[in-house]
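**Q** Please find one structure pasted underneath; my questions will follow.
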Amino acid sequence: MAIISKFNFLSSPKNFVMDKYRTLAVIALIVFCGNFISGQNSGVNRGKYKIHISKTDEPITIDGILDEKTWGSAETTGKFQRVTPTDTGFAAARTEVKLAYDKSNIYVGVVCWDPTPGKRPVESLRRDFSFMKNDNFMIFFDTYNDQTNGFAFGITPAGAQTEGLQYEGTKVLYNWDIKWRSAVKNYDDKWVTEFSIPFRSIRYNGGDTEWGVNFGRLDLKNNEKSAWAPMPRQFPHCSLPFTGTLIWDKPMEKAGLRFSLIPYVTGKVTKNYETDGDAAWKWNGGIDAKIILSTSLNLDLTVNPDYSQVEVDKQQTNLDRYELFFPEKRQFFLENSDLFASLGTENVRPFFSRRIGLQNPVIAGARLSGNLDKNWRLAIMDIQTDKEEDIYAANYMVATLQRKVFSRSNVSAFVINKQVTGVGGDDTFEGSKFNRIAGLEYNLASPDNRWTGKTYYHQDFIGNTAIRNAAAAANLTYSTQYFTASLNQAFTGSGYNAETGYIRRRGYYQANGSVLYKFFPKSKTLISHGPTLKLDTYFNPYSSWSLTDREAQLMYSFDFLNKSSFSVDFKETYIELLAPFDPTNTGGLKLAAGDDFDWNEFGATYTSDNRRMFNVVLTGRYGGYYNGNRLTLNGEFNYRVQPYGSLALTTTYYDISLPSPYNSAKLMLIGPRFDFTFTDKLFFTSFIQYNNQIDNMNLNLRFQWRFAPVSDLFIVYTQNSFAPDMFGQFNGNDSPESFSVRNRGLVVKLSYWFN
């Protein structure tokens, strides 16, 4: 409780919140101050680090051999600067980058010198590799010159590719997939790669003569991350505020109308053993289209899409009072998705694309997105779903208009509409046939990314426009190498209803903050160490601003030169239940609404050196839990069969002990995963998930053959079975239902990219 006493100003919300509009006042304050924090700056490194790119008429063969005359005359980057473990000095291993272009493609030639003996660490040949587990080279383009949005492309020494959409300056969405080519050649003292990136695969402003660009390399053998244009080590490799300048030999040409077609055909057979339904093959087909209206604006269309090949979600043991969150993985929803997905905050998302098309099928959809000019971005999406049993058909529309302000900040306005369609005269429909949300948001980002923040106000229009039907928040973060501090406050009204969104909870006022400090000792084993203090509080604005939740955590972390880490923490939790709740979520007797609980717990986490063939992440926690106690054990075990794949095992174990008559429970989630990459075009994944909380064992087998760029054959088998209860808690040991099949499915999908 000593931690809490230092935050007495939060113990009573009346000391912190004068009225329900205080959040709106803070929003106005941050926006006003944003002018001074943001300043006017074209980029930290843009004037110091420059590289020229010239047009070539010579055919470039993408083979990993830089033998064309173009490469002999192209400008070469200077020495790369270290980013980690320290951000001073030059990288131990030299990296050289050259660029050229023709009317269709950007070409990148790279030599990664590697004089250190030993194998180059790579996890597998799979696309979208894990950045920190593979030697790799990355290129980051700030094509809009806004230090906020761009594109990332990467390669490993084994030839595995990755590409991503950059957003918010320091984040990359790697689920995005486009057409480009690469090749790698390995030698004893170096590895060489060539890229060919089509102009039609990326977006940019026509007429520009400069882009932001940076090149990054992760050299695991030397335990170094380096970049051409330097950046502070507290920021990720992809940070667009620190790009250098790519200078074109002439203004970028504006593209005419171009399009790509991606048709598909599927065969699917499913059988539900619980309903004893018949199994029969069903054939289907559809098409996607990408229409490039300009170099910065594109139109995406989809007709009868099928997402059965999308990678299965990683399950979570649910001990929460609120809905769990799972990320979007479907391609149609990803490009320029930051204009939709970044609305709101982690716990208040007015638009969440996974609400669309998972329970009833999508008939068709269209999305117009991109840059209108250097300051304005636009995104409009409209999707129509079909009726499925008792779920009515609906039309979903979301539109966002964003304006750049100051150097890297922006203001967004959005509207979201869900409209029930196809309700006939004989249908009985209860409730509103529409759900509408509108809002304004301000995103703050300083030129050097030390200051970041966000403010927003959302309003739904179902019944009225009262504050109960609104959500508002304001947060601000300051970050340096040594010190990070953040403050946040948020209000979500009890009547705020975003049916197409993800709203974790309603009817609260939240105030939280955190402080982190790092020491960087002169040590041969330790990079840094330091404390982190977090405090998170929730108040009920409809009940005398009473405290309903409080979580305080004190953590101390150690980061070692061998890439391992260790942390210990103490956490204090207070909860007043607003509704009855079973802490095990197993259907037992619920604790009563209005009961309050206060408990402490201790935890520790160890992460091993991920450069080794076998590496682990281990977490253990023990302490109170509502009116009882809880032991938590988490483990991630990984073994590389370099470069052909990896074997992984993820486990989560909870031992919850509650007094009678409440349920005690031993909950186990086990997820062995076998990931094999026979070549850089042939992949197989086997993923098994055992979850005794929901009495289910899921098997997912996924075969993928990328026979042409962004053209695939998928064969996917899924099976759900009743899980054996290894602890004999719910159904008794050796239940006759254990391992019996609930349902099975087999999907074959073929798609091809025409352009």
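**Q** Find which of P659, P241, Y508 sits farthest along the positive direction of the dipole of the chain, computed with +1 on the beta-carbon of Lys and Arg, -1 on that of Asp and Glu, about the Cα centre.
**A** P241
**Q** Determine ³J(HN,Hα), in whole Hz, for all residues of the stretch 259-270 in sequence, where each value follows from phi through the Karplus function 6.51 cos²θ - 1.76 cosθ + 1.60 and θ = phi - 60°; x replaces Gly and Pro.
**A** With coefficients 6.51, -1.76 and 1.60, one gets 8, 10, 10, 10, x, 9, 9, 10, x, 9, 9, 9 Hz.
**Q** Applying 1/(1 + (r/R0)^6) with R0 = 35 Å to the Cβ-Cβ distance of V303 and T209, what FRET efficiency is obtained, to the nearest 0.05?
**A** Working: r = 39 Å, r/R0 = 1.13.
Working from the Cβ atoms, E equals 0.35.
**Q** What ratio of Cα Rg to 2.2 N^0.38 Å holds for the stretch 68-138?
**A** On the way: Rg = 14.8 Å, N = 71, 2.2 N^0.38 = 11.1 Å.
My calculation over the Cα atoms of the stretch 68-138 gives 1.33.
**Q** Still on this model: Go through the stretch 290-334 and name the GluC sites (Glu not before Pro) that are in a DSSP coil and have 14 or fewer other Cβ atoms within 10 Å of their Cβ.
**A** Working: sites: E311, E323, E328; in loops: E311, E323, E328.
Here the GluC sites (Glu not before Pro) that fit, given the DSSP loop and packing criteria, are E311, E323.
**Q** Is there a pair in K119/K329; K79/K518; K290/K433; K290/K749; K250/K374; K133/K524 whose C-alpha atoms are over 30 Å apart, and which pairs would that be? Don't skip to the end; give the middle numbers.
**A** Details: K119/K329 33 Å; K79/K518 28 Å; K290/K433 32 Å; K290/K749 20 Å; K250/K374 18 Å; K133/K524 22 Å.
Listed pairs above 30 Å: K119/K329; K290/K433.
**Q** Where the Cα atoms of the chain are projected onto their three principal axes, how long is each span, largest first, in whole Å?
**A** 79, 65, 54
**Q** Long-range amide H contacts for R742: which residues qualify at under 5 Å (H placed 1.01 Å from N, peptide plane, sequence gap of 5 or more or a different chain)?
**A** Sorted by chain and number, the residues that satisfy this are N720, S721, F722.
**Q** Using each residue's phi in the stretch 177-184, evaluate 6.51 cos²θ - 1.76 cosθ + 1.60 at θ = phi - 60° and report the 3J(HN,Hα) Karplus result to the nearest Hz, with x for Gly and Pro.
**A** Computed from phi, the couplings for the stretch 177-184 are 9, 9, 8, 7, 10, 7, 8, 9 Hz.
**Q** E388 versus D128, label points 7 Å from Cα toward the beta carbon: distance in nm?
**A** Result for the modelled spin labels: 2.1 nm.
**Q** So if R0 is 60 Å, what FRET efficiency would I62 and T651 give, r being the distance between their Cβ atoms, rounded to the nearest 0.05? Before the final figure, lay out the partial values.
**A** Working: r = 42 Å, r/R0 = 0.71.
E(calc), rounded to 0.05, equals 0.90.
**Q** So, one more: Going by average Cβ density within 10 Å per residue, which order do the peptides 697-706, 468-477 take, highest to lowest?
**A** Working: 697-706: 18.5, 468-477: 22.0.
Those peptides, ordered most packed to least, come out 468-477, 697-706.
**Q** Would you mind computing the Rg to Rh ratio of the stretch 40-193 from its alpha-carbon coordinates, Kirkwood style for Rh? The partial results should precede the final answer.
**A** Working: Rg = 15.9 Å, Rh = 16.9 Å.
Taking Rh as the inverse mean 1/r over Cα pairs, Rg/Rh reads 0.94.
**Q** Then there's this: State the three equivalent ellipsoid semi-axes of the stretch 484-545, derived from the C-alpha gyration tensor as the square roots of 5 times its eigenvalues, in descending order and whole Å. Don't skip to the answer; put the middle values down first.
**A** Values: eigenvalues 290, 41, 10 Å².
Taking √(5λ) for each Cα gyration eigenvalue gives 38, 14, 7 Å.
**Q** What are the ³J(HN,Hα) values, in whole Hz, obtained from phi via the Karplus relation 6.51 cos²θ - 1.76 cosθ + 1.60 with θ = phi - 60°, for each residue of the stretch 646-656 in sequence order, with x given for Gly and Pro?
**A** These are the phi-based 3J(HN,Hα) values: 8, 10, 9, 9, 10, 10, 9, 10, 10, 10, 9 Hz.
**Q** Go ahead and run the numbers for FRET between Y622 and S686, Cβ-Cβ distance against an R0 of 35 Å, rounding to 0.05. Write down the numbers at each step before the final one.
**A** Numbers: r = 33 Å, r/R0 = 0.95.
It comes to 0.55.
**Q** Same structure again: Which cross-chain or sequence-distant (5 or more) residues have an amide H under 5 Å from the amide H of T548, H modelled 1.01 Å from N in plane?
**A** It is Y538, F539, N540, by chain and number.
**Q** Let me ask you something else. Would you kindly compute the Cα radius of gyration of the stretch 523-659 and its largest Cα-Cα separation (Dmax), both in Å?
**A** 19.3, 61
**Q** Please tell me the relative contact order of the chain in percent, rounded to the nearest whole number, where contacts are Cα pairs under 8 Å and at least six residues apart.
**A** Numbers: 2000 pairs, mean separation 79.6, N = 755.
Once normalised by length, the contact order is 11 percent.
**Q** Can you give the translational diffusion coefficient of the stretch 626-755 in µm²/s, computed by Stokes-Einstein from the Kirkwood radius over Cα pairs at 20 °C and 1.002 mPa s? Please report the intermediate quantities before stating the final value.
**A** On the way: Rh = 17.3 Å.
Result for D is 124 µm²/s.
**Q** Would you mind calculating the relative contact order of the stretch 50-248 from Cα pairs under 8 angstrom and at least 6 residues apart, reporting the percent as a whole number? Don't jump to the answer; show the numbers that get you there.
**A** On the way: 497 pairs, mean separation 56.0, N = 199.
Dividing the mean separation by the residue count of the stretch 50-248 yields 28 percent.
**Q** Continuing with the same structure: Quick check: residue separation of A592 and L372 times 0.36 nm, minus the Cα distance between them. What number comes out in nm? Please report the intermediate quantities before stating the final value.
**A** Working: separation 220, 0.36 × 220 = 79.20 nm, distance 5.43 nm.
Stretched out fully, the A592 to L372 stretch lengthens by 73.8 nm.
**Q** Could you check the simple spin-label distance between N395 and R354, using points 7 Å along Cα→Cβ, in nm with one decimal?
**A** 2.8 nm
**Q** At 1.567 mPa s and 4 °C, plugging the Kirkwood radius over alpha-carbon pairs of the stretch 454-602 into Stokes-Einstein gives what diffusion coefficient in µm²/s? Can you show the working numbers first?
**A** Numbers: Rh = 18.3 Å.
The diffusion coefficient I find is 71 µm²/s.
**Q** Also: Could you give the distance between the Cα centres of the stretch 610-627 and the stretch 39-96, to the whole Å?
**A** Each part reduced to its Cα centre gives a spacing of 40 Å.
**Q** Two-decimal Rg/Rh of the stretch 314-427 from alpha-carbon positions, Kirkwood Rh?
**A** 1.03
**Q** Enumerate the amide H contacts of G285 below 5 Å, restricted to partners 5 or more residues apart or on another chain; note that Pro and chain-start residues carry no placed amide H.
**A** T266
**Q** Next up: Give me the distance between the Cα centres of the stretch 180-238 and the stretch 582-598, rounded to whole Å.
**A** With the stretch 180-238 and the stretch 582-598 each reduced to a Cα centre, they are spaced 51 Å.
**Q** Among the trypsin sites (Lys or Arg not before Pro) in the stretch 330-406, which ones are in a DSSP loop with at most 14 other Cβ atoms within 10 Å of the Cβ? Mind listing them? Before the final figure, lay out the partial values.
**A** Numbers: sites: R330, R354, R355, R367, K374, R377, K387, R403, K404; in loops: R330, K374, K387.
Those satisfying the criteria are K374.
**Q** Quote to one decimal, in nm, the extra length available between Y542 and A289 on full extension: 0.36 nm per residue of separation minus the C-alpha distance between them.
**A** Details: separation 253, 0.36 × 253 = 91.08 nm, distance 4.94 nm.
Separation in residues times 0.36 nm, less the Cα-Cα distance, equals 86.1 nm.
**Q** With an 8 Å Cα cut-off and a minimum separation of 6 or more residues, compute the relative contact order for the stretch 637-741 in percent. Numbers along the way, then the final one.
**A** On the way: 224 pairs, mean separation 17.5, N = 105.
For the stretch 637-741, the relative contact order is 17 percent.
Bear in mind that the values in this text are calculations on the coordinates, not laboratory data. Quick caveat, the model's predicted, so the values are computed rather than measured. Backbone-built Cβ (ideal geometry, glycine too); neighbour counts: all protein chains shown.
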